[in-house]
Amino acid sequence: MKNKILSTAALLFVLAGCNTEENPYAPVGGDPIAIQSSVQEVVLEQSRDNETAVTFTWNKGFEYNDNVKVTYCFKIDVADNNFETATELEVLGDDVFEKTYTVEQLNDLCLEQWNITPGEPVRLEAKVIARHTADKFIMPQVATVAFDVKTYELTSSPLYIIGDAITVDGRPIGWNPSNALRMTEEVLSRIYSIKCDFTPGEYLFLRSNTSLDPAYGKGNDKAIELYEQNAVRLVMEREQSYTVRVNVKKGTLDLIYHPQYDNIYMVGDATPNGWTIEDATPLVWTENTGEFVYEGPLKTGELKFAAGEASWDVPFYMSVTAGQEDLTVTSVMFVPPGGPDNKWKITEAGNYRITLDIDKLKIKFEKL
């Protein structure tokens, strides 16, 4: 039966070849593209980081006349995931027929691309795509292959942040290593994060809280790099709160801005939960901005916004004038406890989108 299927496929290919003059975009030779993995299963070991873990190879696929150019592309993902979390598509060119990963590269991919727990097994799937370039669309050739990987465990290794740019309760922690703040280890010995209040000054990342050496400081080709001694200090030029996230393996540093308050709550008889402050409606923070957003129903009535906590004992963001019915007015007032009680007034019930920017003291009401 198998031979019969192959014979039928061969006959169809011959017929396609006979029509090449009529169809200059039809294949003129070759076989369907196929990809192979050098291993069906691989156990990764940290001591062999620089060795090859797996090599993928593929054939040329169907061949075409000169009016059709073929380019090979590659990506990899967790198996049976429809390549929805795949690595970024690599365009390899027209004469590349293999892709190799070292032990370290493959282990890092599993941990950082797909958040595989160190030491856990995972089934991966690789895909090669032969793209065609012509003056008409030609369906690309695609082939996949799956294989099993067991990642290696990583040891925990702390990282600290230190410097006169870091403040706790409004005071800089300075340069005494014992005052350094320990960061959260998101991926063991790789990725760390912490939320910090900054003031203008300098800072470093330490491997221990007993010495300023070694330390990660300002890099040349990367955002940060490791110095055994006298690290070049990183500089903060403004007073802000940030979530600091570093990948010491890749040498990357990300600062995610936080406004003065991490949480904003909406209260009032115009809101879904009325004047019950414990049930005040939270707004959703737009990361790296001062904006908080609510989208949903409002009733006729009044509203205002609690800063930081769902409590009557906190500052509020309020209208500049009492009973503000004109929702095109964008000005906002920050009111400490005991200040005036100016509220916005909703005169038409419906679904709204509210965007409150606590940095710019601006608000926008949009009726949906």
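The values are calculated or read from the model by the stated rules, or taken from the named source; none is laboratory data. Please read these numbers as outputs of a predicted model, since none were measured by experiment. Here the Cβ positions follow ideal geometry from the backbone for every residue, glycine too, while neighbour counts run over all protein chains shown.
Could you pull out the residue among 228, 291 that is buried (at least 19 other Cβ atoms within 10 Å of the Cβ), closer than 30 Å to residue 187 by Cβ and touching an Asp or Glu at 6+ places or on another chain (Cβ under 7 Å)?
Of 228, 291, the one residue that is buried (at least 19 other Cβ atoms within 10 Å of the Cβ), closer than 30 Å to residue 187 by Cβ and touching an Asp or Glu at 6+ places or on another chain (Cβ under 7 Å) is 291.
Is it true that some residue in the stretch 252-262 is crowded, with 17+ Cβ neighbours inside 10 Å, in contact (Cβ under 8 Å) with a residue 24 or more places away in the chain and outside any loop (DSSP other than H, G, I, E, B)?
Yes, there is a match, as at least one residue in the stretch 252-262 is crowded, with 17+ Cβ neighbours inside 10 Å, in contact (Cβ under 8 Å) with a residue 24 or more places away in the chain and outside any loop (DSSP other than H, G, I, E, B).
Taking the conditions exactly as written (crowded, with 17+ Cβ neighbours inside 10 Å, at negative phi and under 39 Å from the mean Cα position of the chain (by Cα)), does residue 344 satisfy them or not?
For residue 344, the condition - crowded, with 17+ Cβ neighbours inside 10 Å, at negative phi and under 39 Å from the mean Cα position of the chain (by Cα) - is met.
Looking only at residues that are over 27 Å from residue 169 (Cβ atoms) and of a type in the set (Val, Ile, Thr) in the stretch 231-249, which one is surrounded by the fewest Cβ atoms within 10 Å (Cβ to Cβ)?
If we take residues in the stretch 231-249 being over 27 Å from residue 169 (Cβ atoms) and of a type in the set (Val, Ile, Thr), then 232 is surrounded by the fewest Cβ atoms within 10 Å (Cβ to Cβ).
Could you say which residue among 134, 79 is in contact with a strand residue (DSSP E or B) (Cβ under 6 Å, 6 or more places away or on another chain) and within 24 Å of residue 32 (Cβ to Cβ)?
So the residue among 134, 79 that is in contact with a strand residue (DSSP E or B) (Cβ under 6 Å, 6 or more places away or on another chain) and within 24 Å of residue 32 (Cβ to Cβ) is 79.
Being in the same structural domain as residue 69 (by TED's automatic domain parsing) and either assigned to a strand (DSSP E or B) or small (Gly, Ala, Ser) (or both) narrows it down to one residue among 106, 92; which is it?
92
Closer than 30 Å to residue 157 by Cα and either touching a residue at least 12 places away in the same chain (Cβ under 8 Å) or among the basic types (Lys, Arg) (or both) - does that describe any residue in the stretch 267-276?
no
If a residue has to be acidic (Asp, Glu), modelled with pLDDT under 95 and buried (at least 16 other Cβ atoms within 10 Å of the Cβ) to count, how many in the stretch 87-142 make the cut?
The total comes to 3.
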